Amino acid sequence: MDYDVITVGHGLAGLVATAELADAGKKVLLLDQEPASNIGGQAWWSFGGLFLVDSPEQRRMGIKDSHELAWQDWLGTAGFDRMSDEDEWGYQWAKAYVDFAAGGKRAWLRSLGVRFFPVVGWAERGGSLADGHGNSVPRFHIVWGTGPGIVKPFAERVRQGIRDGHVHYLPRHRVTDFVTENGAVTGVRGEKLVEDDRHRGEKTSRQVERLFEVRAGAVLMTSGGIGGNHELVRKNWPERLGGPPGRMLSGVPAYVDGQLLGAAEQAGGRLVNRDRMWHYTEGIRNYDPVWPHHGIRILPGPSPLWFDAEGQRFGAPNFPGFDTLSTLEAIGKSGYDYSWFVLTKKMIEKEFALSGSEQNPDLTGKSIRMILSRVLPGAPEPVEKFMKRGEDFVVARTLPELVDGMNDLVGEERIFLEEMERQIRARDREIDNKFAKDLQVMAIRSARASMGDKLVRVAPPHRVLDPAAGPLIAVRLNIVSRKTLGGLQTNLSGQVLGADGEPVPGLYAAGEAAGFGGGGVHGYRSLEGTFLGGCLFSGRQAGRALGKD
């Protein structure tokens, strides 16, 4: 036997698990099909948001959070309804994860040098009942350094393991199959790909140099989900969300193809909750793409008006930043694969941020000077660049010009000025008082009760058609493929379970390949900040369990 454990995937979950195994003195082989330049996987590209409960950052902002409230929000969001079957272990992972987020998660990360931006964000606000979907309070903690900042300490630990002789790292080794003997997984087979010096995230060659096979006491699969494989996304698309989009952008590189999930099934693993997925509705095409169909997600404040492709305004809870899955369903059932934001320059200056480490150079580069520039007049520089160069933006001084530009962009007259103006003026009349019946206006005022939102995230309520707030801006929003919420069903040690509910000997999974734990820790919906957190927690659990063997 060559190794104690083979870890397949050098993303965040794989790095965390490998670091834990190296610390336990295990001999680990770390494999990935991509070059070493891609170490950290999708996490490197992320905004670096983490779900924490009752943190010092929250308390300093006057936010009263608790484990009880967080668990209530998680259950209302997940909507577990397959408890005796596919949700059995996802529920147990969810309970353990909320305990972790309210307990030792922050202290563990700080011990590794991770620090957090002091303003806590409020993602997935819900917009329904108290026990329904959404975060009751702000819980989105941004890592100082964004995605690269959360990857760094684990990558450094793995590199130390390499120097100490505990870890052997082989990039450009694509695993295609699991070796099984008498029902147990005892190794992997695959293809050694030719070297490729393309930059991080770019699509790399699949030219095969030779085949390989290697054995170990156990195999840990951390190879991710299916977000880069649009054919597989559409195949698994659930009817409840309407038809799958004909045109879709990718929020993840092409290597996130889900191919190894099928091999794990053939080795005896059970794949559950295939129909659960998390795709964003506020995508814009990257004018300078890194990977095919590269989309960037807008992280909006609550003020933009959201319209379908024919110019009809969405109602509650389909407001910006409130209920991603509900809005995805509404768009899917509209018969189109896009929608529109209509907003003012005053709104975009304060409320638009773009997801991803590369779109937030101030937070990624840990620059206080650049962060302070966010409070100055004008949109953040990355947003300004998209307004000027992105194909999805329309800027106009008047509403007639804006509507003409929107129709010109799609090549068809689908939006009518009179109807668009009627809806916007109806909303604008709600601004004159501190009370209103328009739920979005009420939500804006509620958001500004949060210190963080008032200071850096939510513009003061104003009329959209007020010339002083202009010019007007319309943004065509595309669907952006992102996360797989289902995956290989695992117990709390990360062991992959078979159809009989028993562990498949020698096979473990963590991260997105395991639905971030148990085959679906999120249920139907995410509270955000829980994907990186799910990789951290599931990788830690699996690594520590394997380290004890």
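Quick one: is Gly295 open to solvent by 10 Å² or more (accessible area, probe 1.4 Å) and either closer than 30 Å to Pro460 by Cα or among the hydroxyl-bearing types (Ser, Thr, Tyr) (or both)? So Gly295 does not fit the description; no. Residues that are closer than 22 Å to Leu29 by Cβ, touching a residue at least 60 places away in the same chain (Cβ under 8 Å) and loosely packed, with under 15 Cβ neighbours inside 10 Å: does the range 231-254 have at least one? No, that holds for no residue. Scanning the range 18-48 for residues that are under 18 Å from Val175 (Cα atoms) and small (Gly, Ala, Ser) yields a count of 3.
Ile63 passes every criterion in (1) surrounded by fewer than 23 Cβ atoms within 10 Å (Cβ to Cβ); (2) over 21 Å from Ala130 (Cα atoms); (3) aliphatic (A, V, I, L, M) apart from (2).
Restricting Gly217, Gly228 to residues that are within 25 Å of Gly487 (Cβ to Cβ), open to solvent by less than 30 Å² (accessible area, probe 1.4 Å), of a type in the set (Gly, Ala, Ser) and in contact with a strand residue (DSSP E or B) (Cβ under 8 Å, 6 or more places away or on another chain) narrows the list to Gly228. Checking the structure you have, find out if any residue of the range 74-81 is over 19 Å from the mean Cα position of the chain (by Cα) and among the charged types (D, E, K, R). Within the range 74-81, one or more residues are over 19 Å from the mean Cα position of the chain (by Cα) and among the charged types (D, E, K, R). Evaluating Gly533 against the criteria (1) in the same structural domain as Val342 (by the TED database); (2) at pLDDT 95 or above; (3) open to solvent by less than 10 Å² (accessible area, probe 1.4 Å) leaves one unmet condition, (1).
The helices (runs of 4 or more DSSP H) found wholly in the range 23-83 and carrying at least 2 residues that are over 30 Å from Gly251 (Cα atoms) occupy 56-60, 67-78.
Please determine, by comparing only the residues of the range 482-506 that are polar (S, T, N, Q) and either touching a Pro at 6+ places or on another chain (Cβ under 9 Å) or not in a strand (DSSP E or B) (or both), which one is surrounded by the most Cβ atoms within 10 Å (Cβ to Cβ). Ranking the candidates gives Thr490 first.
Evaluated against (1) buried (at least 19 other Cβ atoms within 10 Å of the Cβ); (2) among the hydroxyl-bearing types (Ser, Thr, Tyr); (3) in the same structural domain as Asp337 (by the TED database), Tyr287 falls short on exactly one condition, (1). In the range 86-117, of all residues being assigned to a loop (DSSP other than H, G, I, E, B) and not aliphatic (A, V, I, L, M), the one that is most open to solvent (accessible area, probe 1.4 Å) corresponds to Arg115. The residues of the range 292-346 that are assigned to a strand (DSSP E or B) and charged (D, E, K, R), listed by number, are Arg297, Asp308, Arg313. When each of Val143, Val194, Val151, Val167 is tested for being more than 30 Å from Trp71 (Cβ to Cβ) and open to solvent by less than 20 Å² (accessible area, probe 1.4 Å), the lone residue that passes is Val167. Considering Glu351, Glu358, the condition of being open to solvent by less than 50 Å² (accessible area, probe 1.4 Å), within 23 Å of the chain's Cα centre (by Cα) and under 30 Å from Val114 (Cβ atoms) is satisfied by Glu351 alone.
In the range 409-441, the residue that is most open to solvent (accessible area, probe 1.4 Å) out of those that are more than 20 Å from Pro460 (Cα to Cα) and without any contact (Cβ under 8 Å) to a residue 12 or more places away in the chain is Glu418.
The values are calculated or read from the model by the stated rules, or taken from the named source; none is laboratory data. Predicted, not measured: the structure shown is a model, and the values here were computed from it. Heads up, the Cβs are rebuilt from the backbone with ideal geometry, glycines too, and the neighbour counts pull from every protein chain shown. Just the protein is used for accessible areas: all its heavy atoms, side chains included, with ligands, DNA and RNA removed. Shrake-Rupley method; radii C 1.70, N 1.55, O 1.52, S 1.80 Å.
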